[in-house]
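The values are calculated or read from the model by the stated rules, or taken from the named source; none is laboratory data. Only a predicted model underlies this, so the values are computations on that prediction, with no experimental measurement involved. Cβ: placed from backbone, ideal geometry, glycine included. Neighbour counts: every protein chain shown. Areas reflect the complete protein model, heavy atoms only, side chains present, ligands, DNA and RNA absent. Shrake-Rupley method; radii C 1.70, N 1.55, O 1.52, S 1.80 Å.
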Amino acid sequence: MNREAAEKRGRGAETLAAMWLRLHGWRILDLRARVPGGEVDIVARRRGVLAFIEVKARSTSQAAAMSLDPWRLRRVVVAAERLAPRYLRPGDDVRIDAIFILPRKLPRHLPNIWHG
């Protein structure tokens, strides 16, 4: 897949993930939040939880899981650390989540994937 097609697929997956989150009571605070050293696909809040969410669109669950390697996850963590002061409220729980977008399946939301 060329870069342009991958970018389009990624944006579509992020849009779908944001809609899924909204349907489940999340408020979307930001999409594609970038800072030096990383990027977070979605920043969302629900009931005192501030989540920095990485979205992965792949053809299989295994491919999606493999795409969240330690290097990529670390970039999300760095970005989340730098973005947190912008969105954090007193008493918030902060976590890193993932959402997998697979063909012909509902999005799969994996909460709290970072324990480092």
Q. What's the number of the condition L106 fails, among (1) surrounded by 12 or more Cβ atoms within 10 Å (Cβ to Cβ); (2) in contact (Cβ under 8 Å) with a residue 12 or more places away in the chain?
A. (1)
Q) Which pairs have Cβ atoms under 8 Å, sit 6 or more apart or on different chains, and link a residue in the stretch 37-51 that is among the acidic types (D, E) to one that is assigned to a strand (DSSP E or B)? A) E39/R32; E39/A33; D41/L31; D41/R32; D41/I53; D41/E54; D41/V55
Q. So V94 fits all but one of (1) among the aliphatic types (A, V, I, L, M); (2) surrounded by fewer than 11 Cβ atoms within 10 Å (Cβ to Cβ); (3) touching a Leu at 6+ places or on another chain (Cβ under 6 Å); what number is the exception?
A. (2)
**Q.** strands (runs of 3 or more DSSP E) fully within the stretch 1-72 counting 2 or more residues that are in contact with a helix residue (DSSP H, G or I) (Cβ under 9 Å, 6 or more places away or on another chain), farther than 16 Å from P103 by Cα and open to solvent by 70 Å² or more (accessible area, probe 1.4 Å)
**A.** 27-35
Q | Index of the failed condition, L83 passing every other in (1) in a helix (DSSP H, G or I); (2) open to solvent by 30 Å² or more (accessible area, probe 1.4 Å); (3) modelled with pLDDT of 95 or more | A | (2)
